[in-house]
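The values are calculated or read from the model by the stated rules, or taken from the named source; none is laboratory data. Since the model is a prediction, treat every value here as computed from it, not as a measurement. Ideal geometry is used to build each Cβ from the backbone, glycine not excepted, and the neighbour counts take in all protein chains shown. The protein model used for the area step is the full one, side chains on, heavy atoms only, and it has no ligands, DNA or RNA in it. Shrake-Rupley method; radii C 1.70, N 1.55, O 1.52, S 1.80 Å.
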Amino acid sequence: MTIANPVALAGAAEVAARPDVGPLRVMGIVNATPDSFWSGNRHDTAERAIAAGNAMFELGAWAVDVGGESTRPGAEPVSVAEELDRVIPVVSALSAVGTVSVDTRHAEVAEEAVRAGASIINDVSGTLAEVAARLGVGYVGMHSHTVPVVPDVYPDYDDVTTDVAAHLRSVGGIARQGGAGPVWIDPGIGFGKSLQDNLELLRQLPALCSLGFPVLLGVSRKSFLGELTGRAVADRLAGSLAVVAPAWSAGVDVIRVHDVAETLDTIAVLEAVWGRKDSEPSR
């Protein structure tokens, strides 16, 4: 029998240990849309979306993120009026229960959602920093090439991490300096990135977590996981959970997911094995 090298094991522990940045928190995804890329998260009525959000809070989600326009590859844009009809009743109901963010690229939707109770603007376009600053609410600035995503169209990055980091510093700085808070940055996995771009950004999560802003990461059931595993979207839970470990180890602050219970279980095990003895599960 081969005995593992204790020096190598010690090195592995050092790599895995989470920085002293607090627990990894879970944001649940609530799509108030009939055309989300995963059928398991399509809620074509406000009542169904509200029920889904309430269930996520009950499971232990720190926040829920409500969106009324699909940004999946090839999705058809919806009007601002339709997006408002989908989002506002859900935000209003769920904000009475817990922390709610609105997932939008439209200033009008962001403003109305904040009036309805949302305390975070999750900006998939990276263009609403000044809106969040003016309203004095939380802001997630994401890097994207096109929204909705144009299938198989990727910029020619000089260096994907450097280019994404420069954009995130800019939008995060605008939001923070203007008075938004808290401010998170999101590398926008899958938004105008090839498979190799996505993998490189995940490898460079420690560097992204060192830019001076907490990082929010969304990888749940995305197409790059299908490219890696050959699995359809309904069968990508295991791939999604596999990304939790490097995100946790790098010091990511929030992970945005469809599968709240399974993600919290994964974090609890990581904390038990690698975390501080006094750490608490992030439920």
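Points worth noting:
- Remark: pairs (first residue in the stretch 18-31, farther than 23 Å from THR71 by Cα and open to solvent by less than 30 Å² (accessible area, probe 1.4 Å); second residue part of a strand (DSSP E or B) and hydrophobic (A, V, I, L, M, F, W, C); Cβ separation under 7 Å; 6+ apart in sequence or on different chains) = LEU24/ILE255.
- The single residue among SER101, SER79, SER125 that is under 20 Å from ASP44 (Cα atoms) and either open to solvent by less than 40 Å² (accessible area, probe 1.4 Å) or hydrophobic (A, V, I, L, M, F, W, C) (or both) turns out to be SER101.
- Residue-level check: of (1) open to solvent by 40 Å² or more (accessible area, probe 1.4 Å); (2) modelled with pLDDT of 95 or more; (3) not in a helix (DSSP H, G or I), GLU58 misses just (3).
- Scanning the stretch 258-273 for residues that are among the hydroxyl-bearing types (Ser, Thr, Tyr) and touching a residue at least 60 places away in the same chain (Cβ under 8 Å) yields a total of 1.
- Scanning the stretch 224-257 for residues that are surrounded by 22 or more Cβ atoms within 10 Å (Cβ to Cβ) and touching an Asp or Glu at 6+ places or on another chain (Cβ under 7 Å) returns a single hit, ARG256.
- Residues that are in contact with a helix residue (DSSP H, G or I) (Cβ under 6 Å, 6 or more places away or on another chain) and in a loop (DSSP other than H, G, I, E, B) were ranked within the stretch 95-113; the one that is nearest to ALA32 (Cα to Cα) is HIS106.
- Any hit, the stretch 183-197, residues being part of a helix (DSSP H, G or I), out of contact with any strand residue (DSSP E or B) (no Cβ under 9 Å at 6 or more places or on another chain) and crowded, with 18+ Cβ neighbours inside 10 Å: yes
- From the options LEU211, LEU264, LEU202, residue that is in a helix (DSSP H, G or I), surrounded by fewer than 21 Cβ atoms within 10 Å (Cβ to Cβ) and not small (Gly, Ala, Ser): LEU202
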